[in-house]
Amino acid sequence: MAHPVQVIAVTGGKGGVGKSNLSVNLAIGLAELGRRVVVLDADLGLANIDILLGISSSKTIENVLAGECDLRDIMVRGPGGIRIVPAASGTQKLSQLNTMEHAGLIQAFSELADDIDVLIVDTAAGISDTVISFVCAAQEVLMVVTDEPTSITDAYAQIKLLNRDYDMFRFRIVANMVRTPQDGHALFGKLTKVTDRFLDVALQYVGAVPQDDAVKRAVQRQKAVVEAYPRSRAATAFRALAKKVDAWPLPATPRGHLEFFVDRLVQQQIGA
């Protein structure tokens with residue numbers, strides 16, 4: 001029986017909230033738990049995960065879309081045994097893919113399904129068509145929020161759009177760069193105060209990652225904090241987050257959107 005793949009879109013509306021850092025460190029945390037993890041740098045025109053980790057790739061998604069190679073050819077090994085699908089940097093064309101190109105890219109991942117347990121999709125900032133289509137193609141939405149009015153406003157705007165136009169209902173929230181665990185809960189409270197009032201959605205609080213200088217030092221060294229400073233407060237928080245994510249139920253049925261690995265879900269239903 002084909003196993004389902006857990007697909008998690010890491011998003012947040014606003015830039016600078018730490019999505020890529022969270023994507024990478026969560027991926028390594030899941031790999032430490034024995035999962036086979038792939039990270040898709042879905043900021044297609046402004047790639048940053050390769051820079052964050054100091055790795056280089058001769059080929060990117062651009063080559064896949066041009067039909068020059070397949071996804072397996074461009075994947076690069078990252079720390080902790082994770083694999084990365086790199087995007088291109090400074091390529092405007094990639095940030096403006098049409099619907100067919102998007103669908104082709106999402107469907108191309110099916111060929112990797114047999115050797116992936118978790119796909120983490122690190123989206124670009126904002127609410128462009130590209131971001132929305134990647135978020136809709138995932139089974140779980142992990143929204144990264146910081147304690148700034150603009151971050152809360154942008155997260156709310158993205159949740160509202162996904163709920164109103166795409167019938168998405170459940171969003172998981174991570175409070176990033178908080179001073180104390182209480183601040184994380186307070187931040188979640190600020191967001192739910194507006195969503196409860198205006199939207200029919202379910203927000204679930206996953207946890208908080210503390211403000212930690214070790215993260216900045218790791219970025220300067222082009223390493224993930226869980227690798228460079230494994231005993232730091234941030235690394236401990238990322239590992240705790242990975243344990244929670246690892247316990248999330250696997251998808252069982254398609255939701256009706258264009259989805260990653262949807263053929264697996266359809267097979268499961270037929271075989272059930």
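The values are calculated or read from the model by the stated rules, or taken from the named source; none is laboratory data. Small disclaimer: the values here were computed from a predicted structure and weren't measured. Virtual Cβ from ideal backbone geometry, glycine too; neighbours counted across all protein chains shown.
When Gly126 is tested against the conditions (1) modelled with pLDDT of 90 or more; (2) at positive phi, the lone failure is (1). Asp147 meets each of the listed conditions (1) over 23 Å from Asn176 (Cβ atoms); (2) among the acidic types (Asp, Glu); (3) in a loop (DSSP other than H, G, I, E, B) apart from (1).
Restricting the stretch 26-56 to residues that are more than 21 Å from Ile132 (Cβ to Cβ) and at pLDDT below 95, the residue that is surrounded by the most Cβ atoms within 10 Å (Cβ to Cβ) is Leu53.
Sort out which residues of the stretch 32-68 are free of Cβ contacts under 8 Å to residues at least 40 places away in the same chain and more than 17 Å from the chain's Cα centre (by Cα), and write them in order of number. Gly34, Ile55, Ser56, Ser57, Ser58, Lys59, Thr60, Glu62, Asn63, Ala66, Gly67, Glu68, listed by residue number. Taken over the stretch 133-163, the residue count meeting the criterion of being buried (at least 23 other Cβ atoms within 10 Å of the Cβ), over 20 Å from Thr253 (Cβ atoms) and among the small types (Gly, Ala, Ser) is 2. Within the stretch 179-198, none of the residues are among the hydrophobic types (A, V, I, L, M, F, W, C), out of contact with any His (no Cβ under 6 Å at 6 or more places or on another chain) and closer than 19 Å to Ser23 by Cα. Do we find that Gly15 is at pLDDT below 90 and touching a Gly at 6+ places or on another chain (Cβ under 9 Å) in this structure? Spelling it out, Gly15 is indeed at pLDDT below 90 and touching a Gly at 6+ places or on another chain (Cβ under 9 Å). A count restricted to the stretch 103-132 and to residues that are surrounded by fewer than 20 Cβ atoms within 10 Å (Cβ to Cβ), more than 12 Å from the chain's Cα centre (by Cα) and closer than 24 Å to Ile82 by Cα stands at 10.
Identify the residue in the stretch 187-203 that is under 24 Å from Thr236 (Cα atoms) and surrounded by 15 or more Cβ atoms within 10 Å (Cβ to Cβ) and, among all such residues, is nearest to the chain's Cα centre (by Cα).
Taking the stretch 187-203 as the starting set, the residues that turn out to be under 24 Å from Thr236 (Cα atoms) are 187-189, 203.
Subset that is surrounded by 15 or more Cβ atoms within 10 Å (Cβ to Cβ): 187-188, 203.
Values: Leu187: 20, Phe188: 19, Leu203: 17 Å.
In this case the residue turns out to be Leu203.
Here Leu71 does not qualify as touching a Phe, Trp or Tyr at 6+ places or on another chain (Cβ under 7 Å) and either closer than 19 Å to Met143 by Cβ or surrounded by fewer than 17 Cβ atoms within 10 Å (Cβ to Cβ) (or both).
Scanning the stretch 221-270 for residues that are at pLDDT below 95, of a type outside the set (Lys, Arg) and in a helix (DSSP H, G or I) turns up Val262, Asp263, Leu265, Val266, Gln267, Gln268, Gln269, Ile270.
Give the residues of the stretch 71-104 that are among the charged types (D, E, K, R) and modelled with pLDDT of 90 or more, sorted by residue number. Can you show your working first?
Of the residues in the stretch 71-104, the ones among the charged types (D, E, K, R) are 72-73, 77, 83, 93, 101.
Listed by number, the residues that qualify are Arg72, Asp73, Arg77, Arg83.
With respect to (1) part of a helix (DSSP H, G or I); (2) under 25 Å from Asn25 (Cα atoms); (3) in contact with a Lys or Arg (Cβ under 9 Å, 6 or more places away or on another chain); (4) among the β-branched types (Val, Ile, Thr), the lone exception for Val206 is condition (1).
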